[in-house]
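What follows is a short report on a single structure.
Each value in this text was obtained by applying a stated rule to the coordinates, not by laboratory testing. This is a predicted model, so every value here is computed, not measured. Cβ placement follows ideal geometry from the backbone for every residue including glycine, while neighbour counts extend to all protein chains displayed.
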Amino acid sequence: MGWRLIRIYTILVYMFMFLPIAVVVLLSFNANQFGSFPMTGLSTHWFEVLWENDAIMRAFRTSIVLGLMTAVISTVLGVLASLALVRYKVPGRNLITTMLIAPILVPEVVLAVALLLFLNFLDIGKSFTLLLLGHVIFTLPFVILVVQARLVSIKRDVEEAALSLGASPRQTFFAITLPLLMPAVAAGGLFAFTISFDDITGTLFWKPGGIETVPTQIFSMLRNSISPEINALGTVMIVLTVGLPLIGAAIARTLATRSGG
Amino acid sequence: MSIEQREARQPWILLTPALTAIVLLLIVPLMFIIVYSFWLKSAAGADTPGFFLDNWQEALTDPFYRDILLNTLKIAAVTTVACALLGYPAAYFIARSKGNRLVLLVLLMLPFWISYIIRTMSWINILGVSGALNSAMIWIGVIDEPIQMLYNETTVILGLVHFLLPFMVLNIFVSLEGIDTNLEDAANSLGATRWQGFLQVTLPLSLPGLAAGGLLCFVLAAGTYITPVILGGPRDAMFANLVYEAIIRQLNWPLGSALSLMLLVVLGVLVLIYNRYLGMAQLAKGLG
């Protein structure tokens, strides 16, 4: 009896999490000219409107470029740091770990203010550079946590075997370690990209006038009222941020089975 | 250089880029705003460097700031409790279910991949004047005119719970997952009812996960800027909104620095207390 109750409770909790999102997707296909209930039919009209909206398309390009650059920088920094923490005995590792995940512990507004004021002091005002640096520091801890979790599962034996068979450390790294690292690198990069793509609080503090990312664009559109266009944009973003990683994971799995891993 | 020395140097070479970034982009900027909070805003031109207590006096004694800080902490507390009440049974179900466990876990991860602002604004579709709930109630005939359910403190809390619940469930799940189910069976075989077994064995053992989830929910809720703007009314500003007002709208950077530091100190004390008793490892486990 108790178990059934918990099951129903859990189903309700999941409905609470997903129903509003499902409604966004549903309404984006709404034929009703105001984009609200009652739905009068299905149409892709709002996606066409979206496609022709230059401001949104510009925001998309900005978000993608920013996300990719953030992902590359954060992943390089994060993978190197994780290698050090997982593979070596580092004195003071607790302090170092706390420092590296500190950006998560500091409220994002405070981080945003501190970075804005300090870099402005150094004559780097609101700009794409500030935005990029902010996104890097904000995503770095997440990359480190994800990559560390993956690294722990990679055994050192293979590397030691290569070394004992006469490979140089450099050869070992490129022939053995790096390929084994790739899933961790990919996971870290994907995570950084998604967080950067989704970030809004810091971005509002750092972005120069005239530059919008997708979230800040939605934010400024919401000031007026909710339009069906925003629902369509929401649907596109859900497909991008949920669909792409799932496809990526599927491809990675296929490749892994093909190479006999 | 000997091999040992090289071995000892290598981790530091690997750590240098990340640590440099953290120091230059987080730690030094935080120290910089401590200094900046003692400067004075000038009517025109650059702010005046110096050691003035004016901003701190304003931030700490003005009842306007104090009330909003207290209200922010109250909203964060209510949100955290709501997340725990909603999240614990769900986490327990996922941890103890056999068949659909993987599906439930993947679904639990999904919200992390869906844009925060989309999830927040999705409630406008549900509760707005022309939203699903109003339309349904008019259709059934409960009401004739749509009612405005949005833009109050309750909807701000609703939006925060919706955003933070996955963090809570995940953290509780991680700690429940680490508990040997034999312990509960042992309690039962020794005569405890299932409920007693849960209360006296499982629940205490899962408290670290509950605490980690609670800390995350509280800190993220108390620092939130977007949710009150989208789902709250004009009088539902939270502390982060004050910071935004001071920094971006009024360009009063010294006062904005002081306000930011106030928020940091209040939440930092919580993190330190947590770290003292439970350590950061639990938090890292839940996030990884």
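Things worth noting here:
- Computed over chain B, the per-residue total of -39500 (n - 2.57) for DSSP H runs of n ≥ 4 gives a 222 nm mean residue ellipticity of -23000 deg cm²/dmol, rounded to 500.
- Legend: Rg and Dmax of chain A, from Cα coordinates, 22.5, 72 Å.
- Helical segments meeting 20 Å axial Cα length and Kyte-Doolittle -1.0 threshold in chain B (DSSP H): B:3-22, B:63-96, B:153-177, B:203-222, B:253-277
- Tensor-based shape of segment A:118-261 (alpha-carbon gyration tensor, a/c under 1.5 rounded, otherwise prolate or oblate): oblate
- Trypsin sites (Lys or Arg not before Pro) within segment A:136-171: DSSP coil, no more than 12 neighbouring Cβ in 10 Å: A:K155, A:R156
- Using the alpha carbons alone, the radius of gyration of segment B:25-126 stands to its Kirkwood radius in an Rg to Rh ratio of 1.20.
- Tensor-based shape of segment A:1-139 (alpha-carbon gyration tensor, a/c under 1.5 rounded, otherwise prolate or oblate): oblate
- Put simply, the C-alpha atoms of chain B give a gyration tensor, and the ellipsoid matching it has half-axes of 38, 33, 18 Å, longest first.
- The phi-based Karplus calculation (6.51 cos²θ - 1.76 cosθ + 1.60; θ = phi - 60°) puts the 3J(HN,Hα) values of segment A:71-86 at 4, 4, 5, 4, 5, 4, 4, x, 5, 4, 5, 5, 4, 4, 6, 8 Hz, whole numbers, x for Gly and Pro.
- Using alpha carbons only, the radius of gyration of segment A:200-245 set against its Kirkwood radius gives Rg/Rh = 1.02.
- Here the Kirkwood formula, the inverse mean of 1/r across different C-alpha pairs, assigns segment A:91-162 a hydrodynamic radius of 14.5 Å.
- Other-chain or far-sequence residues with amide H under 5 Å of A:N30's (modelled H): A:S43
- Restricting the chymotrypsin sites (Phe, Trp or Tyr not before Pro) of segment B:103-198 to loop positions (DSSP other than H, G, I, E, B) with no more than 15 neighbouring Cβ atoms within 10 Å leaves nothing.
- Phi-based couplings in Hz for segment A:146-153 (Karplus 6.51, -1.76, 1.60; Gly and Pro marked x): 5, 5, 4, 4, 6, 5, 4, 7
- Each residue of segment A:174-188 was assigned a 3J(HN,Hα) from its phi angle through the Karplus curve 6.51 cos²θ - 1.76 cosθ + 1.60 (θ = phi - 60°); the sequence is 6, 8, 10, 5, 4, x, 5, 6, 3, x, 5, 4, 5, 4, x Hz, with glycine and proline shown as x.
- Helix-derived mean residue ellipticity, 222 nm - over chain A, DSSP H n ≥ 4, -39500 (n - 2.57), to 500: -24000 deg cm²/dmol
- Cα gyration tensor, the protein assembly as shown - rounded (a/c under 1.5), prolate or oblate: rounded
- Nearest-ten-degree value, helix A:93-105 long axis tilted from longest Cα axis of chain A: 10 degrees
- Set the Cα radius of gyration of segment A:166-243 against 2.2 N^0.38 Å, with N its number of residues, and you get 1.70.
- When both segment B:6-21 and segment B:153-220 are represented by their alpha-carbon centers, they are found 38 Å apart.
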